[in-house]
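To keep things clear, I will list the structure first and then write my remarks on it.
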Amino acid sequence: MNFQTRIFVAVALCAVIYIVFGVLNPPPPPEETDEVALAETKDGKADAGKADAEGTVKAVAKVDEPEVDPTVEAVEVIEHQISNDLLGLTVTNESPGRGGLVSAVQLHSPQFEGHLTASDSLALAGKPTLEISLTDDDGNLLVPRGAGYEVREQSSEHITLAYVGKGVEVIERLQILEGYEGRLSVEVKNLGTDTLASRLHIRSRIGFSESRYDIRRGLCRTQEDVEDEDKSDVEDGPIRYRNGILWGGVDGKYFTSLLVPLAPAQECEINLSEDGELLEGRLSTVTQEIGPGSVGTHEFGLYIGPKELERLKAFSAVDAGIELDEAIDWGFFGGLSESVGKLLLALLRWFHGLVHNWGFSIVLLTVVVKAALLPLTLKQMSSMKRMKEIQPEIAKIKEKYGDDRAKQGQEMQALFSRSGVNPLAGCLPMVVQLPIWFALYSMLGAAVELVHEPFLWLPDLTEQDPYYVLPLALGALMILQNRMMPSTMDAAQAKLMRWVMPIMFTVFMLVLPSGLGVYIFANIVLSLIQTAIQVGTNKTADATAS
């Protein structure tokens, strides 16, 4: 079974697995809710945008704040940047309704300097993120929309903002730590004579990418798993998860903005912004009951930046025992893809340490993976050769017992037994290799190390080839490989595989990251060399035997 056939079978297997998984694990039906309860499924997921049988939309309890209070005086807007050697955050004293706590995000790593991600890693296009609001149990705002904050302290690494209003004082402190981490604390002091209920809501935002490959998601880490929703999932309304939320936020393929509460949050919501141009993730804390003169504190750890594996695993902004590497999408096979993907990523980095070029590192990684899978590949080729040798006898059996399927099957089994041929021998090695291919594919697609890294004529290994040289070259090589490989198919099938698969792969590679194209190109070149050697060896053996 040649490379194109294996890919074709792999795609078919994935489709079958996806369909079977959907049949065995259908989405749970929405539960009935009343007008003041969140619309939840049995696993805690709420979908407020679904219509019922009569075509009406169920009402849900919202925490969306009212419009800006026109009676509140606007304060002078002050912007201040806190930063370290890798991350910069521009902080504003505007309150929700007129802005957000962070108005801009900058990345200072040399890898991102001079690129879009250096000035706008979350594609916010000048719109704010980390918007904070405080409500009581009834959803009434403790800080009116439009009310500004007083700047009490500021330095190169932190800023403290304060608001004093009727019966309440709110102090927000944002501190930048090492790497891409930060810490946010919000203190609420009850200045009144009655107990004050305080609940904090904090939103993070990310813009959408022009690339269909770079999907933007909202993330909610529940007690059970990481739940992710993209734009298509929330176009009809917000999706909410409740109780025991460990962390949440928004991300793209390579960059993320995550919020980690010191204590598990009560609710995580994923939704579109009001103008539909941003994806929002919101965490809402458990309500705190604050007595007169007492202070309630809400504390969060932040991670804003590239999805680097080691930094996500080593997250320590709050002492919550949280590792954030689950934000990396390792692909179809879940834990298996993650384990293999981490191993392949470590090997890719090791090669980069030797050659100091990510493109050549991908080529070297391809050589190692190809060599590791060589025994399975040789087994496939040997099985193909034996199957081709008995094709004339198979044709005779089909002709002789064309109308008797049972007899035809018996004769086929007898032929396979006499010839020592296992018809599944060509497929089983491919099935074993399938998780490795998917892990490699996912790893190369998620490795932030490749962002903005050039190779030969390619300006960025995470972007498509702007000149389409790589996709066209891949198609040409696949046609050449098909002509060299022996085939057990009939003429019509062989012709289909010879032209359809190269055309399909060429079209796919027009939009996929060029780093994946480098891997596939190197793999096909190695396969051509291997095929040429194998064919030459077989011809020599046949000549010697004759």
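The values are calculated or read from the model by the stated rules, or taken from the named source; none is laboratory data. Since this is a predicted model, take the numbers as computed values, not measurements. Quick reminder, even Gly has a Cβ in these numbers, built from the backbone with ideal geometry, and neighbours come from all protein chains shown. Accessible surface is based on the protein model in full, side chains and every heavy atom, while ligands, DNA and RNA are left aside. Shrake-Rupley method; radii C 1.70, N 1.55, O 1.52, S 1.80 Å.
Some values worked out for this structure:
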{"item": "Matching entry among Leu474, Leu512 (being touching a Phe, Trp or Tyr at 6+ places or on another chain (Cβ under 7 Å), in a helix (DSSP H, G or I), modelled with pLDDT of 80 or more and farther than 25 Å from Lys385 by Cα)", "result": "Leu474"}
{"item": "Identity of the residue in the range 258-276, in a strand (DSSP E or B) and hydrophobic (A, V, I, L, M, F, W, C), that ends up surrounded by the fewest Cβ atoms within 10 Å (Cβ to Cβ)", "result": "Leu272"}
{"item": "Filtered residue count, the range 187-204, keeping only those that are among the polar types (S, T, N, Q) and touching a Pro at 6+ places or on another chain (Cβ under 9 Å)", "result": "3"}
{"item": "Residue satisfying all of: in the range 65-100; at pLDDT below 85 and either assigned to a strand (DSSP E or B) or farther than 23 Å from Ile171 by Cβ (or both); farthest from the chain's Cα centre (by Cα) among these", "result": "Thr71"}
{"item": "Residues within the range 130-150 that are open to solvent by 40 Å² or more (accessible area, probe 1.4 Å) and either free of Cβ contacts under 8 Å to residues at least 60 places away in the same chain or more than 15 Å from Arg203 (Cβ to Cβ) (or both), tallied", "result": "4"}
{"item": "Qualifying strands (runs of 3 or more DSSP E) (wholly inside the range 173-222; at least 3 residues being at pLDDT 90 or above, surrounded by fewer than 24 Cβ atoms within 10 Å (Cβ to Cβ) and over 25 Å from the mean Cα position of the chain (by Cα))", "result": "181-190, 196-207"}
{"item": "Single unsatisfied condition, Ala327 versus (1) farther than 28 Å from Gly237 by Cβ; (2) touching a Gly at 6+ places or on another chain (Cβ under 9 Å)", "result": "(1)"}
{"item": "Some residue of the range 277-290 being open to solvent by 10 Å² or more (accessible area, probe 1.4 Å), under 23 Å from Leu324 (Cβ atoms), in contact with a Pro (Cβ under 7 Å, 6 or more places away or on another chain) and among the polar types (S, T, N, Q)", "result": "yes"}
{"item": "Matching residues, the range 318-334, being within 23 Å of the chain's Cα centre (by Cα) and either open to solvent by less than 50 Å² (accessible area, probe 1.4 Å) or modelled with pLDDT of 95 or more (or both)", "result": "Ile322, Leu324, Asp325, Ala327, Ile328, Trp330, Gly331, Gly334"}
{"item": "Condition met for Gly353 (exposed (fewer than 14 other Cβ atoms within 10 Å of the Cβ) and in a helix (DSSP H, G or I))", "result": "yes"}
{"item": "Which numbered condition Leu374 misses (of (1) closer than 15 Å to Gln433 by Cα; (2) at pLDDT below 75)", "result": "(2)"}
{"item": "Hits in the range 230-241 (condition: part of a strand (DSSP E or B) and crowded, with 20+ Cβ neighbours inside 10 Å)", "result": "Ile239, Arg240, Tyr241"}
{"item": "Test: Val226 is within 21 Å of Glu131 (Cβ to Cβ) and surrounded by fewer than 22 Cβ atoms within 10 Å (Cβ to Cβ)", "result": "no"}
{"item": "Residue in the range 101-124 that is most open to solvent (accessible area, probe 1.4 Å), counting only those that are under 21 Å from the mean Cα position of the chain (by Cα), more than 15 Å from Glu449 (Cα to Cα) and at pLDDT below 60", "result": "Leu116"}
{"item": "Pairs, first touching a residue at least 40 places away in the same chain (Cβ under 8 Å) in the range 155-174, second assigned to a loop (DSSP other than H, G, I, E, B) and among the hydroxyl-bearing types (Ser, Thr, Tyr), C-beta under 6 Å, six or more apart", "result": "Leu161/Tyr149; Tyr163/Tyr149"}
{"item": "Condition met for Lys342 (more than 20 Å from Lys307 (Cα to Cα) and either open to solvent by 20 Å² or more (accessible area, probe 1.4 Å) or touching a residue at least 40 places away in the same chain (Cβ under 8 Å) (or both))", "result": "no"}
{"item": "Failed item, numbered, when Thr160 is tested on (1) open to solvent by 10 Å² or more (accessible area, probe 1.4 Å); (2) part of a loop (DSSP other than H, G, I, E, B); (3) not charged (D, E, K, R)", "result": "(2)"}
{"item": "Residue count, the range 377-412 (criterion: in a helix (DSSP H, G or I), open to solvent by 50 Å² or more (accessible area, probe 1.4 Å) and not small (Gly, Ala, Ser))", "result": "17"}
